[in-house]
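In what follows, a single structure is set out as structure tokens and then discussed.
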Amino acid sequence: MRPMIALLAAGALAAPMAHAKDDVVREVVHGGYLKASVGSTIFAGPRGSQGIVDPGTTLVISGGYDFYNASNFTVSGELSLYTSMHSGMDWQVQAGAITDPNLRTQGDILLVGGLAMFQMNFFPTRRFGVGPRIGGGVNFAPLLIPEDEYLDKVIGGAYGGFGTPVHDGTLPTVGGGVNIEYFTKLSHFSLGATVDVLYIVGMDVGVFPAGYFKYTF
């Protein structure tokens with residue numbers, strides 16, 4: 001009889017302990033992380049509204065660190081490298097259709113750049129986070145045609161000697177947005193989405209929605 005009573009007592013003690021373990025979400029990890037994002041950049045300013053540059057596909061690789069962690073709140077810093085490819089109005093069409101020479105481009109546009117972002121996440125539940133992000137960086141729009149052809153046929157010919165500032169150098173970028181993140185039951189992995197609005201000085205205002213896959217170490 002005594003062994004049975006001892007067994008029942010041990011089971012009664014083990015049940016709350018097991019329940020306590022179940023309450024710990026062991027898959028939610030904070031710290032250093034790597035993130036891969038894919039989305040689309042849509043220009044909302046003059047180049048977008050006049051059809052000079054179409055929406056394009058944007059790929060991003062990011063690394064960051066959650067440098068402040070609380071039970072329902074985190075703050076992180078993040079560095080990103082990205083590229084965005086856009087179809088554009090042919091430069092021969094732009095010569096006649098676009099009267100402002102500062103808006104003209106070479107045609108198709110490739111943007112290459114980097115961003116530094118600060119991000120806050122609030123956790124209304126243990127696995128779901130949402131919060132704002134803000135930051136800045138720099139973009140480049142390199143030529144996609146040989147430079148001598150660009151200078152001779154595009155600038156010196158069709159554009160009447162007027163340059164295209166978007167291709168002349170660096171394009172400072174500032175902006176912010178919102179982040180949504182879900183920590184999966186697969187330890188260290190989370191899925192999320194961001195929507196950023198970026199002002200690319202000398203280019204346009206871009207709206208960048210993206211989904212991402214994240215691994216936290």
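In the stretch 92-151, the qualifying residues are those that are in contact with a Gly (Cβ under 6 Å, 6 or more places away or on another chain), among the polar types (S, T, N, Q) and part of a strand (DSSP E or B), and the one that is nearest to residue 66 (Cα to Cα) is 121. Of all the listed residues (63, 107), the sole one being touching a Leu at 6+ places or on another chain (Cβ under 8 Å), at positive phi and not β-branched (Val, Ile, Thr) is 107.
The conditions of being among the hydrophobic types (A, V, I, L, M, F, W, C) and touching a Phe, Trp or Tyr at 6+ places or on another chain (Cβ under 7 Å) are met by residue 112. Reported count of residues in the stretch 163-183, each being part of a loop (DSSP other than H, G, I, E, B) and surrounded by 14 or more Cβ atoms within 10 Å (Cβ to Cβ), is 2.
Just so you know, all these numbers are worked out from the coordinates, no wet-lab data involved. None of the values given here were measured: they were computed from a predicted structure. Please note: Cβ atoms are built from the backbone with ideal geometry, for glycine as well, and neighbour counts cover all protein chains shown.
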